[in-house]
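Some notes on the structure that comes next.
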Amino acid sequence: MNKIGIRHEDKYKLERRTPLIPEDVKELIQKRGISVAVEPSKKRIFNDSEFKNSGAEIAGNLSGCDVILGVKEMPEIFFEPGKAYVFFSHVIKGQPYNMAMLKNLISAGSTLIDYEKIEDDRGRRLIFFGRYAGLAGMINTLWTVGQRYQKLGTDNPFSKLKQAYRYSSLESAKSEIIGIAEEIKKNGLPDEMKPLIIAVTGDGNVSQGALDILQLLDGTSITPQQLKNNDFSAGSSVIAVNILPQDYLTHKEGHGFDLFHYIENPGMYESTIEELLPQINVFVNGIYWDDRYPKLIKKSWLMEQAKSDQLNLKVIGDITCDVHGSVECTETATDIEDPVFIYNPLDGQHQMGFNGEGVAVMAVDILPSELPRESSEHFSAALKPFIKPLANADFSADFDELNLPDELKRAVIVHRGELTENFKYLKEFLRTSVKKK
């Protein structure tokens, strides 16, 4: 049986999550007979003694482990022959910043399993942090609203909020937001903020997490069509609108919108989202995006609005966090320690913090780590059923003979140093990255 290792997270200073929590490790050891070793960590939300008490070995390194679990990307030179590594590799889009890591993993003759591709037979992800990205992302966005308006000279109830990671728990953050909602209900918002129109894109796990926080404000919900038609009261305090693909995508030949057709044929559709944007004050982006799909907020639109002094957009919470992606002015992914920058549409420049002319952009790319305990508990519960198959698998076997359940086997990107069939397209990205060097 393979020995399972849990490595410490070292990509980010405030990455405090773990793929398995001590309670689940204890069950795997005592009831499943699985051997587990854990690298020590001074910052992990669950401390070493909790893992030791669960029955795990606290190991200075994981050289004795066959399957190594992590959360974020592992160092380029970390990989060893014959071992299997399970983590969010961020390579499936050919991300250039991770091609060296992928190349070294292949050269080492290792196996890579990516959580992002652990899916059921309908392509639905089974193990994810997305909901917690949405929860933390909306908390951070509302905090950004408070700080930005304060810098613009408007005292407001949101300025009492803290960044998500500064709360002791998700519940304490929710409690404070509920208190702000009660204050708004009693006193309203300053005239300079009314109505505060907050839009959330998407309806997946990320968006649902964001909407769960937004609904605590107990504002008025409107449809995208109402937003487009100005069919709402200008005297309202908080107005919420959820924007879905069918609300802004139209078929170029006049056919009705079909989500599955769009996913396969995005070039046959065009975006009309700019009809919805002008009155939005806070834009929270929670969609999946790659460069086949249209952008939602373009720099050119921001510039036009700013030049005509009609830019009402004050804050963007880009939970999706694709640099220059669906929100084109996301100039960089930000750190938890320095999470916000101001983008100036007139000169295309950005500066960290809350001061300056333009739009405040919150673009932290490890948002679930701002709620490390709750997000780890959720993730571990989803991952736990797959640990026994990982422990039993013979990774020395050829891929066709690899005894993994389909959900895991579909997520094997590299097996013993070779890209598997579904991921051979990455050869071109690897080749291109080498040429650029």
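The values are calculated or read from the model by the stated rules, or taken from the named source; none is laboratory data. The shown structure was predicted, so the numbers you read here are calculated from the model rather than taken from an experiment. Backbone-built Cβ (ideal geometry, glycine too); neighbour counts: all protein chains shown.
Filter segment 121-150 for residues that are in a helix (DSSP H, G or I) and basic (K, R); which is modelled with the highest pLDDT?
Residues of segment 121-150 in a helix (DSSP H, G or I): 130-150.
Then keep just the ones that are basic (K, R); that gives 131, 148.
Working: R131: 94, R148: 98.
Only one residue tops the list, namely R148.
Each row is one residue, and each column tells you yes or no for (1) without any contact (Cβ under 8 Å) to a residue 24 or more places away in the chain; (2) of a type outside the set (F, W, Y).
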site: M99; (1), (2): no, yes
site: L105; (1), (2): no, yes
site: G109; (1), (2): no, yes
site: Y132; (1), (2): no, no
site: R166; (1), (2): yes, yes
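Determine, yes or no, whether L302 is surrounded by 21 or more Cβ atoms within 10 Å (Cβ to Cβ) and touching a residue at least 40 places away in the same chain (Cβ under 8 Å).
Working: surrounded by 21 or more Cβ atoms within 10 Å (Cβ to Cβ): yes; touching a residue at least 40 places away in the same chain (Cβ under 8 Å): yes.
It is true that L302 is surrounded by 21 or more Cβ atoms within 10 Å (Cβ to Cβ) and touching a residue at least 40 places away in the same chain (Cβ under 8 Å).
Give the number of residues within segment 315-343 that are under 14 Å from R148 (Cβ atoms), of a type outside the set (V, I, T) and out of contact with any helix residue (DSSP H, G or I) (no Cβ under 6 Å at 6 or more places or on another chain). Even if it seems obvious, please write down each step before you answer.
Quick first cut of segment 315-343, residues under 14 Å from R148 (Cβ atoms) only: 315-317, 339-343.
Now restrict to residues that are of a type outside the set (V, I, T): 317, 339, 341, 343.
When the remaining residues are screened for being out of contact with any helix residue (DSSP H, G or I) (no Cβ under 6 Å at 6 or more places or on another chain), the result is 339, 341, 343.
Final tally of qualifying residues: 3.
Considering (1) surrounded by fewer than 21 Cβ atoms within 10 Å (Cβ to Cβ); (2) charged (D, E, K, R); (3) in contact (Cβ under 8 Å) with a residue 12 or more places away in the chain, say which one K42 fails and leave the rest.
Evaluating K42 over (1) surrounded by fewer than 21 Cβ atoms within 10 Å (Cβ to Cβ); (2) charged (D, E, K, R); (3) in contact (Cβ under 8 Å) with a residue 12 or more places away in the chain leaves (3) as the failure.
Hey, could you check segment 305-328 for residues that are in a loop (DSSP other than H, G, I, E, B) and charged (D, E, K, R) and say which is surrounded by the fewest Cβ atoms within 10 Å (Cβ to Cβ)? Steps first, answer last, please.
Our first condition is that a residue be in a loop (DSSP other than H, G, I, E, B); within segment 305-328, this holds for 308-314, 319-326, 328.
With the extra rule that they be charged (D, E, K, R), the set shrinks to 309, 314, 322, 328.
Numbers: D309: 6, K314: 20, D322: 21, E328: 18.
Only one residue fits best here, namely D309.
Looking for whichever is surrounded by fewer than 16 Cβ atoms within 10 Å (Cβ to Cβ) and more than 14 Å from the chain's Cα centre (by Cα) here; the options are E331, E337. Which one fits?
Values: E331 fails: surrounded by fewer than 16 Cβ atoms within 10 Å (Cβ to Cβ).
Just one listed residue meets the conditions, E337.
Would it be correct to say that T154 is assigned by TED's automatic domain parsing to the domain that holds Q208, at pLDDT 95 or above, of a type in the set (S, T, Y) and not in a loop (DSSP other than H, G, I, E, B)? Spell out how you get there, then give the answer.
Values: assigned by TED's automatic domain parsing to the domain that holds Q208: yes; at pLDDT 95 or above: yes; of a type in the set (S, T, Y): yes; not in a loop (DSSP other than H, G, I, E, B): no.
In short, no.
Pick out the one residue from K52, K72 that is of a type in the set (K, R), surrounded by 15 or more Cβ atoms within 10 Å (Cβ to Cβ) and not assigned by TED's automatic domain parsing to the domain that holds A210. Don't jump to the end; show me each part of the working.
Values: K52 fails: surrounded by 15 or more Cβ atoms within 10 Å (Cβ to Cβ).
Just one listed residue meets the conditions, K72.
Looking at segment 106-117, which of its residues are crowded, with 24+ Cβ neighbours inside 10 Å and not hydroxyl-bearing (S, T, Y)? Explain how you work it out, then say what you get.
First, the residues of segment 106-117 that are crowded, with 24+ Cβ neighbours inside 10 Å: 111-113.
Within segment 106-117, L112, I113 qualify.
Looking for whichever is of a type in the set (G, A, S) and surrounded by fewer than 16 Cβ atoms within 10 Å (Cβ to Cβ) here; the options are S175, S207. Which one fits? Break it down stepwise before answering.
Details: S207 fails: surrounded by fewer than 16 Cβ atoms within 10 Å (Cβ to Cβ).
Selected residue: S175, the only one of S175, S207 that is of a type in the set (G, A, S) and surrounded by fewer than 16 Cβ atoms within 10 Å (Cβ to Cβ).
Looking at Q150, Q163, Q95, which is the one that is surrounded by fewer than 24 Cβ atoms within 10 Å (Cβ to Cβ), within 29 Å of P245 (Cβ to Cβ) and either over 24 Å from the mean Cα position of the chain (by Cα) or of a type in the set (S, T, N, Q) (or both)? Lay out the reasoning, then the answer.
Details: Q150 fails: within 29 Å of P245 (Cβ to Cβ); Q163 fails: within 29 Å of P245 (Cβ to Cβ).
After ruling out the rest, the residue left standing is Q95.
Report, by residue number, each residue of segment 154-200 that is in contact with a strand residue (DSSP E or B) (Cβ under 6 Å, 6 or more places away or on another chain) and of a type outside the set (A, V, I, L, M, F, W, C).
Result: P195, single match.
Looking only at segment 404-428, which residues are in contact with a Lys or Arg (Cβ under 9 Å, 6 or more places away or on another chain) and of a type in the set (S, T, Y)?
T420, the sole residue that qualifies.
Out of all the residues in segment 152-161, is one or more farther than 30 Å from K427 by Cβ, touching a residue at least 40 places away in the same chain (Cβ under 8 Å) and β-branched (V, I, T)? Let's see the steps before the verdict.
Kept after step one, since they are farther than 30 Å from K427 by Cβ, are these residues of segment 152-161: 152-161.
From what's left, touching a residue at least 40 places away in the same chain (Cβ under 8 Å): 152.
Cutting the leftovers down to β-branched (V, I, T) gives us none.
No, segment 152-161 contains no residue that is farther than 30 Å from K427 by Cβ, touching a residue at least 40 places away in the same chain (Cβ under 8 Å) and β-branched (V, I, T).
Name every residue in segment 232-273 that is assigned to a strand (DSSP E or B), under 23 Å from the mean Cα position of the chain (by Cα) and not β-branched (V, I, T), in order of residue number.
Initially, segment 232-273 is screened for residues assigned to a strand (DSSP E or B), giving 238-243, 249-251, 269-271.
Checking which are under 23 Å from the mean Cα position of the chain (by Cα) leaves us with 240-243.
Hits for segment 232-273 are A240, N242.
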